[in-house]
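Please find one structure pasted underneath; my questions will follow.
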Amino acid sequence: MLEQVAHRVWVRTSPTWLTTTTVVVDDDGACLLVDPTLTPADLVALEQELRGRGWHVAAAFSTHAHWDHVLWSLTLPDVPRWATPTAHAAHTDEELAAQAARDLPGHRWDVVGGTMPLAPDTTELPWTGPRAVVVLTPGHAPGHASLHLPDDGVLVAGDMLSDVEVPLLDDTDGAVDDYRRSLQRLAELSAHVVVPGHGRVAEGRVVRRRVEADHRYLDDLTSGTEPLDARLGDPRVRAEHEAQAARFLA
Ligand SMILES: [Zn+2]
């Protein structure tokens, strides 16, 4: 079910890993989909819900090239599905499909991958709806970008600022510093609503606390301190944390 989080912004959350799809709707019903997700059934239900509201999909954006953020369905129209040039080039569609089969087996997705690179130095998505500013936020994945919707005060964060996942770093040199700078960049934006790629939408003062929690986690990770972080109560997240802590201290 789509939930309205701002005047022109709606969010649908899959029960699997609380993965979110964000829908930005223009006055004429044209929609921008951000990270449409997750299972094939979720994507069909999303399409039906959009159609039921009389909306039509005009474009899409993937915040980064992890398989759960680059999905599409044959029931959705063939529209531009942008990603930053670095994110677009990070993985082949075959690699992304293999990631999907490994992480969440038992599904047959219509499309995994197939993004289109934005022109270099693009600052806003080239669509006719509400302004959507591309904010480069590397650290989690190469070319990771968040989307700021300044007219609605909404930030679609990608895989950052989650209440269910700790910061997960890519394996590039300097990923921690990149991640910290990305958090600073997001904290400077004027957004009173944050939609994380996984988890619950944050509003008001909770936004600030999400930023602080991610900084605190990175501080603990880099100093070798065991984090006191409720998000590590999920065994899947704990396993990811232990793997990156081991990598970090190696
Ligand atoms: Zn990710």
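Given 0.36 nm per residue, what is the gain on full extension from Glu212 to Met1 after removing their alpha carbon distance, in nm?
Length difference between fully extended and current span is 73.0 nm.
Once the Cα gyration tensor of region 57-108 is found, what semi-axes does its equivalent ellipsoid get, as square roots of 5 times the eigenvalues, in whole Å, sorted largest first?
That gives 19, 16, 8 Å for the three semi-axes.
Please report the antiparallel percentage of DSSP beta bridges with both residues in the chain, rounded to the nearest 5.
Once the DSSP bridges in the chain are tallied, antiparallel ones form about 65 percent.
Taking the Cα-to-Cβ direction at Ala250 and at Val133 and moving 7 Å from each Cα, how far apart do the two end points lie in nm?
3.9 nm
What FRET efficiency do you get for Met116 and Glu95 if R0 is 22 Å and r is their Cβ-Cβ distance, rounded to the nearest 0.05?
0.80
What fraction, in whole percent, of alpha-carbon pairs in the chain exceed 27 Å separation?
The proportion of pairs with Cα distances above 27 Å equals 31 percent.
Between Arg200 and Asp173, what is the spin-label point distance in nm, taking each point 7 Å from the Cα along the Cα→C-beta axis?
4.2 nm
Continuing with the same structure: I'd like the distance separating the alpha-carbon centroids of region 1-31 and region 190-250, in whole Å.
Cα centroid to Cα centroid, the span is 24 Å.
Among Thr37, Thr63, which comes first, second and so on when ranked by fewest other beta-carbon atoms within 10 Å?
Exposure proxy ranking, most exposed first: Thr37, Thr63.
Turning to a different aspect of this structure: Tell me, in nm to one decimal, what length is gained between Asp26 and Arg53 on full extension, where the rule is 0.36 nm per residue of separation less the Cα-Cα distance?
Contour length minus the Cα-Cα distance gives 8.4 nm.
In what order do Met1, Met160 fall by count of nearby beta-carbon atoms within 10 Å, going from fewest to most?
Met1, Met160
How do Val166, Val206, Val193 line up, fewest other C-beta atoms within 10 Å first?
In order of increasing Cβ crowding within 10 Å: Val206, Val193, Val166.
Sticking with this structure for a sec: How charged is the neighbourhood of Ser182? Take every other residue with its Cβ under 14 Å from the Cβ of Ser182, and add Lys/Arg as +1 and Asp/Glu as -1.
-2
Now for a different question. If you take the beta carbon distance between Arg238 and His107 as r and set R0 to 35 Å, what does 1/(1 + (r/R0)^6) give as a FRET efficiency, to the nearest 0.05?
0.90
Continuing with this model, one more query. Using helices alone, what [θ] at 222 nm do you get for the chain, with -39,500 (n - 2.57) per DSSP H run of 4 or more residues, divided over all residues and rounded to the nearest 500?
So the calculated ellipticity at 222 nm is -10000 deg cm²/dmol.
Taking the Cα atoms only, what angle lies between the long axis of helix 205-223 and the longest principal axis of the chain, rounded to 10 degrees?
40 degrees
Here is a further query. Enumerate the amide H contacts of Thr37 below 5 Å, restricted to partners 5 or more residues apart or on another chain; note that Pro and chain-start residues carry no placed amide H.
Amide H neighbours of Thr37: none.
Step by step: find N for region 12-64, compute 2.2 N^0.38 Å, then divide the Cα radius of gyration by it. What's the final number?
With N residues counted in region 12-64, Rg over 2.2 N^0.38 Å equals 1.08.
A short reminder: the numbers here are calculations on the coordinates, not readings from a lab. None of the values given here were measured: they were computed from a predicted structure. Every residue, glycine as well, gets a Cβ built from its backbone with ideal geometry; the counts of neighbours run over all protein chains shown.
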